[in-house]
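Here's the structure we're looking at; comments come further down.
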Amino acid sequence: MTSVITAEQLTMRFRGCDALRGVDFTIEPGSVFALLGENGAGKTTMIRIMTGFQKPTSGQCTVCGLDPTRHPLEVRRRVGYVSDSPALYDWMSVGEIGWFTASFFPKGFLEYYRESIRRYEIPEDRKIRHLSKGQRAKVALSLALAHDPELLILDEPTSGLDPMVRRDFLESMIDRAASGRTVFLSSHQISEVERVADTIAILHEGKLRIVAPLNELKQSMTELTVSLDDPLVAIPTIDTPAEVMCDELLGRQRRLVVRDFTPEMHTKLASATGVTGVSERPLSLEEIFIACTKGSLSRPASAPESADETPQETAMEAAS
Amino acid sequence: MNPMSSSLRGLAWKETRQVVPLVIMLLGVAVLLFVLWSTMSAAQTMANFGHYIPLVLPALFAAGVGAILVGQEKENRTMDWCSSLPISPSLIVLVKLAVAIIGLLVMWVCCALIGSLAGNSRLPGHEAGVANSLYWFTHSIFILCCGFYTAWRMKNTFASLIVLIPLAALPYLATSIYYSLFMTGRHVSLQESAWLLTLASAIGIIVMAWMGYRAGIRDLSPARPELEATGPGHWLAAWRPAHSLPVPETPFRYPLSSLIWQSIHHNRMTLTLLILAMLSGAFAFGYMAVSSQSSDEFGMVMVCTFVAGAIATSWLGVFVFHGDGSASRLRFLADRGVSPTRAWIGRHLIGLSAIAVAMIAFLISSFLTLRNPADNRVDVVPSMAMVGAGLWVIYAVSQATSQWIRILAASAFIAPILSGVALYWLGAAAISSNAPFWLLAVCCLLPMLATWLMMRRFMDNSAKWPIWACGVVTTVLFLVLPILPFAIDVASFPGITPSARASLAANSKKLSSTGNAQPMMRASVPLEYLQQTQHKTDINLTELVASQRFLPEDYLEIGDIAPDDTGVLRASNPDNRRPLRADRYILSRSIEFANYFRYLVTQNPEDSDAVESLGKWIDALTEIAVRLRRSDRWYDQHAADNVEIWLTQTLSRQDLMELRSRDFSQRAIAVLADQAGRSAARRRAVLLSWRREMDPPPMEHDRAKDLDMFGGFRENDWFLWYPQEKVHWIQDRLLDRLCVAALQLIDAAENGQDTLPMRRELHELMDDPSIPFANSWYGERLQPRGVSYGNQFWNSPAVRWYRDWENQAKELASSSESEEP
């Protein structure tokens, strides 16, 4: 099966920062692919490269079998894209922007768009500037979906949508995937992603920490709580293929997030000297995301404890 | 439908819709300019500068359309959305350019229409013919291409507009270099110069259009990784300045300080350029205002610097509510509870400080220029306060424009025009309408007050219509307030009653014109010619005078008046005498010659040649008086009075009693005795002069207005004690009152009533209010008794009517009758 998106060693450097550092992944048709990452992780840069707005510093990317930097128009014809804050022509009416956009796509675009707008109950004669944020998002989604694209790329798609529309929208994403179309979405709404995504990728500081099917990912991630006699006791090393995503010491307990943890490892760990007990717990996607990006599941220890302490004093202390 | 044509149609529709607001705004500005100009009745100004107004339309469109179609789309990020659609970059770039060029053509058509409506469809430099029109056209396309290039090339629309100014001057620069290299010491005709400029602009169009196209394609294509050539690894990286200056470690104590910091750091380069240009302009103005020395090149540089400074001041005002001062950015401050007043002050402090520094620059410049003893000085030097007020008006109007018009490209070009008009309006109100200083000061504050009042709405980015409504109210107040006292004064100025006016109109319609008057012609005077052309010592005046005959036939050439067999000037057909149009100079000269012979006769009454010559002059002047009385023009009656006074005084002289029995004297006395005919001629002339003024014949309309004549009098010499603009509005009422007073004077005199009240009214109308009636020409004491040559007399209508000389004429006629039997 031909991959809809492939990325090989994608690197993107800007002045003062490396947005992407050797990103590799492939997306198969008929799936909902979710790209997670904290702010500034490189998600939007990734999308800009995929949609042909940005040439990567190095590496290769194909979308629908095409190089977006060489064939941006063909890619845009076959892809539907909604950015996180779509800048629509606010002097156009809802109907006009559909008519305008339809002139760049094959027949059938306008009918589908009108149908979608009607479903969202947005009057066609209303100016874009008079729409609410959510209504604008709906118009942008309708424009992106009206030509029934092979691949739908969404950057924070549900921001601004009310819960009802959000639910309908997410269900429609599942339907699209079921009909063989592909959806690539970047989002912070992990609970929503968890509901619709087939594959999850977590991007952290320009590197892909994890790319895996959702169920597989959730099954492979385990939180271990190891009780110790003494906090200074060393526990046995967790061997490959298992991977420790985070490791922290809380009194006489060590908490680890481990990927691909096996029962054999559990036995080995439980029988180690100084270990009084080992418990396992499956993790939610949110916890996995936090573990991958922050390296800790605990609350930050550096939060100011005293309300009287001013930010300046904190900053001065940090500086000293 | 073909997908290509479908895309084309969609794009063309979008671009056209985006251009329409600019077109409407420019047409609005043109209409405003014409309305103001016509309101101010500045016919001369219109004649001098009117042809620049239609030119403003294509020029501003060409300069602003790039910023609207490209810069604005980039700033609003709609370009990003548009380029996410499957449209080829070249199609986007070309459609934008094509729509802009079509729009420019439309603006040229509007320009031609407005020019023809204003009655002046000639472009500046029209002497160069077709080449000139072609030059303006090609240069406007060149500016358009430059605007597109800068808009595609630069991220900041404001900066792209600033860069456009030097680019627009490139054809001039290129031709100047060409002249200095290849055409030194050779005269270049206007036409040749226009063709060269056209050629330079045409080459510029090709280059800039190609560069603009490349810049557009580059901008719409996938962005290149910027570090390939410019990253930290690049050798230049170590030399580049940091992106931003280090932030102070502690926050500012006062919020205003932070706002000023933001104003400075938001766009340091643009701000620096604007302030430098403003200071240079003030410095140049300091030199220009004080020194009258102007070498061509240096003077031109100074003028250009001054104009650039004025535009920079305006753009500093525009800068207030764009960029970080735009509604969307100020929302950041509004969300954080910053008060609108504080934000407003913060946005203005930099601009106002720059104005203060510019005033000091002007002071230093004028001081340095004054210190140079070799420099010639002009008489009137503007004060520092006046310069400050001018800068304030430009700045205040521009900042208000930028709040009302949120499209940067539109406000950046409309603001300098509006501020220029506002400055002219206030200046005209001060000079022509005597607007009080405090009212002008209020008007200067109005635009600032308007933006301050609307600051909350602007910051909250709420509905725009209250801001526009405030703009309309402010504009109306700004236009109305300075002329309000003047308008009240004008409205309350007394005129005549409608019934009196109707009566005037009815009486004047009963009369028929005697046709065009015959102008007086003068033969050359050899004596004057010699005096003008030769050195005085070369002329033997005694011989010259002796060789002159000084007779009417030698000096007068008045249509059908020709010397008869006896040498006397007579009309060829006395029954069909054409009216005569007075010429003050010829009349004065004729009377001087007649005086010369009168002197000879009084010295030697036996000198028959002198008597004969005097007789010829008396006959000529009698004929002139009769013909002047037949004229429709009041002025000619005035001139006839002067001639008849001379005849009366000459024939009444005791030492010339001997001549009364002579034919020429009898002919003159017969004319002088006709009091009823004189009154009828005066009444007729007054009524017809009034009719011609109020309802000029179509063919003469332009001529009458150009010459500013009322019944032959120069209106410009009347009512000088009123402000110039006021005269324009009250002139009809003054003329109505003048005619009514003159007619009442005639009626009273004919009925033997006292004429004093009418002369008082005439004095009030025609004399400076500081002159008391007793000291005026209309009074009894100073009534003109002899022939007058002074301006005061010639500008005072009816001043000699029914005065002592007419009684003297009556006595002369009656004594002549009694002598005859």
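Just to be sure before I move on: is B:Glu806 among the acidic types (Asp, Glu), modelled with pLDDT of 70 or more and either under 21 Å from B:Ala639 (Cβ atoms) or outside the structural domain of B:Ala639 (by TED's automatic domain parsing) (or both) in the structure I sent?
Working: among the acidic types (Asp, Glu): yes; modelled with pLDDT of 70 or more: yes; either under 21 Å from B:Ala639 (Cβ atoms) or outside the structural domain of B:Ala639 (by TED's automatic domain parsing) (or both): yes.
It is true that B:Glu806 is among the acidic types (Asp, Glu), modelled with pLDDT of 70 or more and either under 21 Å from B:Ala639 (Cβ atoms) or outside the structural domain of B:Ala639 (by TED's automatic domain parsing) (or both).
Looking at (1) within 12 Å of chain B (Cβ to nearest Cβ); (2) touching a residue at least 40 places away in the same chain (Cβ under 8 Å); (3) buried (at least 21 other Cβ atoms within 10 Å of the Cβ); (4) part of a loop (DSSP other than H, G, I, E, B), which one does A:Pro157 not meet, given that it meets all the others?
Condition not satisfied by A:Pro157: (1).
Of the residues that make up region B:292-299, is at least one in contact with a Gly (Cβ under 7 Å, 6 or more places away or on another chain), over 25 Å from B:Ser176 (Cα atoms) and either surrounded by 19 or more Cβ atoms within 10 Å (Cβ to Cβ) or among the small types (Gly, Ala, Ser) (or both)?
Within region B:292-299, none of the residues are in contact with a Gly (Cβ under 7 Å, 6 or more places away or on another chain), over 25 Å from B:Ser176 (Cα atoms) and either surrounded by 19 or more Cβ atoms within 10 Å (Cβ to Cβ) or among the small types (Gly, Ala, Ser) (or both).
Counting only residues that are under 26 Å from A:Leu208 (Cβ atoms) and in contact with a Pro (Cβ under 8 Å, 6 or more places away or on another chain), how many does region A:233-285 have?
Within region A:233-285, residues that are under 26 Å from A:Leu208 (Cβ atoms) and in contact with a Pro (Cβ under 8 Å, 6 or more places away or on another chain) number 1.
Which condition from (1) at pLDDT below 90; (2) more than 16 Å from A:Phe169 (Cα to Cα); (3) within 13 Å of chain B (Cβ to nearest Cβ) is the one that A:Ser132 breaks?
Result: A:Ser132 passes all but (3).
Go through (1) surrounded by fewer than 23 Cβ atoms within 10 Å (Cβ to Cβ); (2) under 19 Å from B:Glu73 (Cα atoms) and name the single condition A:Ile97 misses.
Here A:Ile97 clears every test but (1).
Do you know which of the residues in region B:1-49 that are modelled with pLDDT under 70 and surrounded by 19 or more Cβ atoms within 10 Å (Cβ to Cβ) is nearest to the other protein chains (Cβ to nearest Cβ)?
Looking at residues that are modelled with pLDDT under 70 and surrounded by 19 or more Cβ atoms within 10 Å (Cβ to Cβ), I get B:Trp37.
Could you list, in sequence order, all residues of region A:1-51 that are within 11 Å of chain B (Cβ to nearest Cβ), surrounded by 21 or more Cβ atoms within 10 Å (Cβ to Cβ), more than 18 Å from A:Leu185 (Cα to Cα) and modelled with pLDDT of 90 or more?
Scanning region A:1-51 gives a single hit, A:Met12.
Which number in (1) closer than 22 Å to B:Arg581 by Cα; (2) modelled with pLDDT under 90; (3) in a helix (DSSP H, G or I) marks the one condition that B:Glu658 misses?
(1)
Output the residues belonging to region A:68-85 that are buried (at least 20 other Cβ atoms within 10 Å of the Cβ) and assigned to a loop (DSSP other than H, G, I, E, B).
A:Pro68, A:Ser83 - these are the residues of region A:68-85 that are buried (at least 20 other Cβ atoms within 10 Å of the Cβ) and assigned to a loop (DSSP other than H, G, I, E, B).
Write out, first by first residue and then by second, each pair whose Cβ atoms fall under 9 Å of each other, whose residues are 6+ apart or on separate chains, and whose first residue, in region A:14-25, is without any contact (Cβ under 8 Å) to a residue 40 or more places away in the chain while the second is aliphatic (A, V, I, L, M).
Note: pairs meeting the criteria are A:Phe14/B:Leu227; A:Arg15/B:Leu227; A:Arg15/B:Ala237.
Check off (1) surrounded by 18 or more Cβ atoms within 10 Å (Cβ to Cβ); (2) of a type outside the set (Asp, Glu); (3) in a helix (DSSP H, G or I) for B:Ala435 and give me the number that stays unchecked.
(3)
For region B:446-460, indicate whether the set of residues that are under 26 Å from B:Leu330 (Cβ atoms), under 28 Å from the mean Cα position of the chain (by Cα) and exposed (fewer than 14 other Cβ atoms within 10 Å of the Cβ) is non-empty.
Checking region B:446-460: not a single residue is under 26 Å from B:Leu330 (Cβ atoms), under 28 Å from the mean Cα position of the chain (by Cα) and exposed (fewer than 14 other Cβ atoms within 10 Å of the Cβ).
Just to check your reading of the model, which residue among B:Leu134, B:Leu113, B:Leu105 is in a helix (DSSP H, G or I) and modelled with pLDDT of 90 or more?
Only one candidate passes the filter, namely B:Leu105.
Filter region B:314-346 down to the residues that are more than 24 Å from the chain's Cα centre (by Cα) and among the hydroxyl-bearing types (Ser, Thr, Tyr) and list them by number.
Keep residues of region B:314-346 that are more than 24 Å from the chain's Cα centre (by Cα), which gives B:315-346.
B:Ser326, B:Ser328, B:Ser339, B:Thr341, listed by residue number.
Report yes if A:Gly65 is surrounded by fewer than 20 Cβ atoms within 10 Å (Cβ to Cβ), touching a residue at least 12 places away in the same chain (Cβ under 8 Å) and within 14 Å of chain B (Cβ to nearest Cβ), otherwise no.
Criteria not met by A:Gly65.
If only one of B:Ser499, B:Ser508 is surrounded by 14 or more Cβ atoms within 10 Å (Cβ to Cβ) and either modelled with pLDDT of 70 or more or of a type in the set (A, V, I, L, M, F, W, C) (or both), which one is it?
B:Ser508
Looking at the structure I just gave you, is B:Gly351 out of contact with any strand residue (DSSP E or B) (no Cβ under 7 Å at 6 or more places or on another chain), buried (at least 18 other Cβ atoms within 10 Å of the Cβ) and either within 20 Å of B:Val421 (Cβ to Cβ) or modelled with pLDDT of 90 or more (or both)?
So B:Gly351 fits the description; yes.
Does A:Pro56 satisfy the condition of being facing another protein chain (nearest Cβ under 8 Å) and at pLDDT 90 or above?
Yes.
Limited to region A:43-59, what total is found for residues that are of a type outside the set (Val, Ile, Thr) and more than 15 Å from A:Leu208 (Cβ to Cβ)? Lay out the reasoning, then the answer.
Of all residues in region A:43-59, those of a type outside the set (Val, Ile, Thr) come to A:43, A:46, A:48, A:50, A:52-56, A:58-59.
Then drop every residue that is not more than 15 Å from A:Leu208 (Cβ to Cβ), which leaves A:48, A:52-55, A:58.
Going through region A:43-59 one residue at a time, the tally reaches 6.
Name the residue, out of B:Asp736, B:Asp754, that is loosely packed, with under 14 Cβ neighbours inside 10 Å, modelled with pLDDT of 85 or more and either charged (D, E, K, R) or outside any loop (DSSP other than H, G, I, E, B) (or both). Reasoning before the result, please.
Details: B:Asp736 fails: loosely packed, with under 14 Cβ neighbours inside 10 Å.
Of the residues listed, the single one that is loosely packed, with under 14 Cβ neighbours inside 10 Å, modelled with pLDDT of 85 or more and either charged (D, E, K, R) or outside any loop (DSSP other than H, G, I, E, B) (or both) is B:Asp754.
Among the residues of region A:100-121, which ones are outside any helix (DSSP H, G or I), within 31 Å of the chain's Cα centre (by Cα) and crowded, with 21+ Cβ neighbours inside 10 Å?
Within region A:100-121, A:Phe104, A:Phe105 qualify.
Inspect all residues belonging to region B:405-416 and state whether any of them is surrounded by fewer than 19 Cβ atoms within 10 Å (Cβ to Cβ) and hydroxyl-bearing (Ser, Thr, Tyr).
Of the residues in region B:405-416, the ones surrounded by fewer than 19 Cβ atoms within 10 Å (Cβ to Cβ) are B:406.
If we keep only those that are hydroxyl-bearing (Ser, Thr, Tyr) too, we end up with none.
Checked region B:405-416: no residue is surrounded by fewer than 19 Cβ atoms within 10 Å (Cβ to Cβ) and hydroxyl-bearing (Ser, Thr, Tyr).
Does B:Thr369 meet the test of being within 20 Å of B:Val472 (Cβ to Cβ) and touching a residue at least 40 places away in the same chain (Cβ under 8 Å)?
For B:Thr369, the condition - within 20 Å of B:Val472 (Cβ to Cβ) and touching a residue at least 40 places away in the same chain (Cβ under 8 Å) - is not met.
Criterion first (within 11 Å of another protein chain (Cβ to nearest Cβ) and either in a loop (DSSP other than H, G, I, E, B) or touching a Pro at 6+ places or on another chain (Cβ under 6 Å) (or both)) does A:Leu88 satisfy it?
Judged against the criteria, A:Leu88 is a match.
Which members of region B:65-88 meet the condition of being out of contact with any Cys (no Cβ under 9 Å at 6 or more places or on another chain) and more than 9 Å from chain A (Cβ to nearest Cβ)?
Let us first name the residues in region B:65-88 that are out of contact with any Cys (no Cβ under 9 Å at 6 or more places or on another chain), namely B:65, B:67-72, B:74-88.
Within region B:65-88, B:Val65, B:Ala67, B:Ile68, B:Leu69, B:Val70, B:Gly71, B:Gln72, B:Lys74, B:Glu75 qualify.
The values are calculated or read from the model by the stated rules, or taken from the named source; none is laboratory data. What you are looking at is a predicted structure, and each value in this text was computed from that prediction instead of being measured. Note that each Cβ is placed from the backbone with ideal geometry, even for glycine, and that neighbours are counted across all protein chains shown.
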